[in-house]
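Below: the structure, in structure tokens.
We did not get these values from a lab; they are worked out from the coordinates using the rules stated. Predicted model only: the values in this text are computed from it and were never measured. As a convention, Cβ positions derive from the backbone with ideal geometry for all residues, glycine included, and neighbour counts pool all protein chains shown.
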Amino acid sequence: MGDLLPNGNDLDVIHQLTTRFTASPFADLKNYVSSSGDDFLWGNGKSLARASYRLNIWPTSGTKARRRWFAFLARILSQQNKIDIKNALRTAVQNTAGDIVGVHFWAQFDSTIPQNTYVVRVTRDAADASGNVFLRITLLCDHEIPSAEAGDPDPGPDPGETGPVHPVLKKARKKKAKKAKKAKKAKGKKSGKRRTARKR
């Protein structure tokens, strides 16, 4: 069992989470939360499944894996697991000391925890030469999601939800579209210059 964890879908999600909570994506996320006051990552009554959906994060191997991921966050994790994860995310995002520069995520097999449960372990990685540290959220487990679990549909809005569905991606998409438009315009100018040169 231990060599199956984390499995392919786990690694897919871990990569997406770590990417979102590192470097400029993490800075964008922090700026969004501080400027909007949208506590979708940890607020009372806020769902981790909905937070994951709003961050555009889920396994990409198919509909079944996606549904099982949302069921895992919404129903399979214990209330204490959810509280521990939310507290860790709030610590990282609202870090007043300014030394936490991101969050690393991992899942690990552990035969010593109570059977068929999950344990969330939150640690701080060693600081680099500038004193910057990564918070690490590790999910300890002794089993995979039960094979009979059919999963849940995409989660709907949280009660009192504010802000866009994908708060950080909206900004990124606008930048990408603007950059593509600029490149197209520049290409058109070059093409026009070539035609003028040929005429001469």
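If neighbour count is taken as other Cβ atoms inside 10 Å, put S36, S24, S47 in order from fewest to most.
Least to most surrounded, the residues fall as S24, S36, S47.
Would you mind working out the magnitude of the charge dipole of the stretch 1-62 relative to its Cα centre, with +1 at each Lys and Arg C-beta and -1 at each Asp and Glu C-beta, to the nearest 20 Debye?
Dipole of the stretch 1-62, to the nearest 20 debye: 220 debye.
Placing unit charges on C-beta atoms (Lys and Arg positive, Asp and Glu negative, everything else neutral), compute the dipole magnitude of the stretch 1-152 about its Cα centre in debye, rounded to 20.
500
In whole Å, what are the Cα extents of the stretch 2-161 along the three principal axes, biggest one first?
That works out to 45, 37, 27 Å along the principal axes.
Convert each backbone phi in the stretch 72-88 into a coupling constant with the Karplus relation 6.51 cos²θ - 1.76 cosθ + 1.60 (shift: θ = phi - 60°), then list the ³J(HN,Hα) values in order as whole Hz, x for Gly and Pro.
After applying 6.51 cos²θ - 1.76 cosθ + 1.60, I find 4, 5, 7, 10, 7, 5, 6, 4, 5, 4, 5, 4, 5, 5, 4, 4, 5 Hz.
What does the charge add up to near A51, with Lys and Arg as +1, Asp and Glu as -1, over the other residues with Cβ less than 14 Å from its Cβ?
+2
Could you compute the net charge surrounding G151? Neighbours are other residues with a C-beta less than 10 Å from the C-beta of G151; K and R count +1, D and E count -1.
+3
Between N44 and A127, what length comes free when the chain is fully extended (0.36 nm per residue of separation minus the Cα-Cα distance, one decimal in nm)?
So the extension gain works out to 26.7 nm.
If the chain between N87 and Q108 were fully stretched, how many nm would it gain, using 0.36 nm times the residue separation less the Cα-Cα distance?
Taking 0.36 nm per residue and subtracting the Cα distance, the gain is 5.6 nm.
Given A88, L77, Y53, which one lies farthest toward the positive end of the charge dipole of the stretch 44-113, if we put +1 on the Cβ of every Lys and Arg and -1 on the Cβ of every Asp and Glu?
Y53
More than 15 Å apart: what percent of Cα pairs in the stretch 113-158 qualify?
I get 67 percent for the Cα pairs in the stretch 113-158 exceeding 15 Å.
Expressed in nm to one decimal, what extension gain is obtained for the pair S36 and N7 from 0.36 nm per residue of sequence separation less their Cα-Cα distance?
The S36-N7 span can extend by a further 6.9 nm.
With the crude spin-label approximation of a point 7 Å out along Cα→Cβ, what separation in nm comes out for A97 versus Q80?
For A97 paired with Q80, the spin-label model returns 2.6 nm.
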